[in-house]
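Enquirer: Right, I'll just put the structure down here and ask away after.
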Amino acid sequence: MGPIMRSREDDLGVWQCVRRFKHVSLIAMTAAFSASLDGYQINLNGGIVSNKGFIRQMASPGTSIIKGKYISAWGGIQSAGQTIGQIMLQYATERFGRKAALYIIWVDLVISVFIETFATRWDLLR
C-alpha cells in the first residue's frame, strides 16, 4: 500500500474550517436551515393542533376548538403548495440554475415559517 496523501486542511478544527471556508460554510448552514424549516412545516398540521396554547390562540372567537374544516384546509393548501412548488421550481432551475433555485426555495421557506410563527389568527395560516 502506498503513502497516504494528506493536506493541511485535514488538521483544521471545526471552527478553523468555518473561518477558512466562509462561503461554503454559509451555504451548508443555509441548506441545513432549509431542511429544518421544511420539517417544521410538514409537521405543523399534525403536531401543533394538539398544543393547548395553539388551540387557545387559533380557535374561533367564543370557542375552545379549531374547526376541523380549517385544519383540513391547512393540510390541503400545504399539499397544493408543495405540488405547485415542485412543478414550478424546475422552470426556475432550468432558467436560472440550481443555485438560484435553492435560494428561491430557501426564501420561500423562511417567509412561510415567519408567517406561521407570528400568525395570531387561524385565517393567517391559509
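Enquirer: Answer yes or no: is there a residue in segment 113-120 that is modelled with pLDDT under 85, surrounded by 14 or more Cβ atoms within 10 Å (Cβ to Cβ) and under 15 Å from the mean Cα position of the chain (by Cα).
Expert: Yes, there is a match, as at least one residue in segment 113-120 is modelled with pLDDT under 85, surrounded by 14 or more Cβ atoms within 10 Å (Cβ to Cβ) and under 15 Å from the mean Cα position of the chain (by Cα).
Enquirer: What do you reckon, is Lys69 closer than 18 Å to Phe118 by Cα and more than 17 Å from the chain's Cα centre (by Cα)? Walk me through how you get there before you give the answer.
Expert: Numbers: closer than 18 Å to Phe118 by Cα: no; more than 17 Å from the chain's Cα centre (by Cα): yes.
No, not satisfied.
Enquirer: Quick check on my filter: what residues within segment 70-109 are of a type in the set (Val, Ile, Thr), surrounded by 11 or more Cβ atoms within 10 Å (Cβ to Cβ) and at pLDDT 85 or above?
Expert: From segment 70-109, those of a type in the set (Val, Ile, Thr) are 71, 77, 83-84, 87, 93, 104-105, 107; that's our starting set.
Keeping just the survivors that are surrounded by 11 or more Cβ atoms within 10 Å (Cβ to Cβ) gives 71, 77, 93, 104-105, 107.
Of everything in segment 70-109, those that are of a type in the set (Val, Ile, Thr), surrounded by 11 or more Cβ atoms within 10 Å (Cβ to Cβ) and at pLDDT 85 or above turn out to be Thr93, Ile104, Val107.
Enquirer: So in segment 81-122, with the set limited to residues that are among the charged types (D, E, K, R) and in contact (Cβ under 8 Å) with a residue 40 or more places away in the chain, which one is nearest to Val24 (Cα to Cα)? Don't jump to the end; show me each part of the working.
Expert: Residues of segment 81-122 among the charged types (D, E, K, R): 94-95, 98-99, 108, 116, 121.
Subsequent filtering for residues that are in contact (Cβ under 8 Å) with a residue 40 or more places away in the chain retains 116, 121.
Details: Glu116: 29, Arg121: 39 Å.
Across segment 81-122, the extreme among qualifying residues is Glu116.
Enquirer: Related question: Count, please, the residues in segment 2-30 that happen to be among the hydrophobic types (A, V, I, L, M, F, W, C), under 31 Å from the mean Cα position of the chain (by Cα) and either assigned to a loop (DSSP other than H, G, I, E, B) or loosely packed, with under 10 Cβ neighbours inside 10 Å (or both).
Expert: Residues of segment 2-30 among the hydrophobic types (A, V, I, L, M, F, W, C): 4-5, 12, 14-15, 17-18, 21, 24, 26-29.
Next, from what is left, pick out any that are under 31 Å from the mean Cα position of the chain (by Cα): 12, 14-15, 17-18, 21, 24, 26-29.
Okay, now just the ones that are also either assigned to a loop (DSSP other than H, G, I, E, B) or loosely packed, with under 10 Cβ neighbours inside 10 Å (or both), so 12, 14-15, 21.
Residues flagged as among the hydrophobic types (A, V, I, L, M, F, W, C), under 31 Å from the mean Cα position of the chain (by Cα) and either assigned to a loop (DSSP other than H, G, I, E, B) or loosely packed, with under 10 Cβ neighbours inside 10 Å (or both) within segment 2-30 amount to 4.
Enquirer: What is the number of the single condition among (1) within 17 Å of Ala31 (Cβ to Cβ); (2) in contact with a helix residue (DSSP H, G or I) (Cβ under 8 Å, 6 or more places away or on another chain); (3) modelled with pLDDT of 80 or more; (4) not β-branched (Val, Ile, Thr) that Ser64 does not meet?
Expert: Failed condition: (1).
Enquirer: List the helices (runs of 4 or more DSSP H) that sit entirely inside segment 44-126 and contain at least 1 residues that are of a type in the set (A, V, I, L, M, F, W, C) and closer than 22 Å to Ser34 by Cα. Don't jump to the end; show me each part of the working.
Expert: On the way: elements: 52-58, 68-96, 98-118.
Fully inside segment 44-126 and qualifying: 68-96, 98-118.
Enquirer: Suppose we filter segment 29-61 for residues that are modelled with pLDDT under 75 and among the aromatic types (Phe, Trp, Tyr); how many remain?
Expert: 1
The values are calculated or read from the model by the stated rules, or taken from the named source; none is laboratory data. None of these values were measured; they are calculated from a predicted model. All Cβ positions, even for glycine, are placed from backbone atoms using ideal geometry, and neighbour counts span all protein chains on display.
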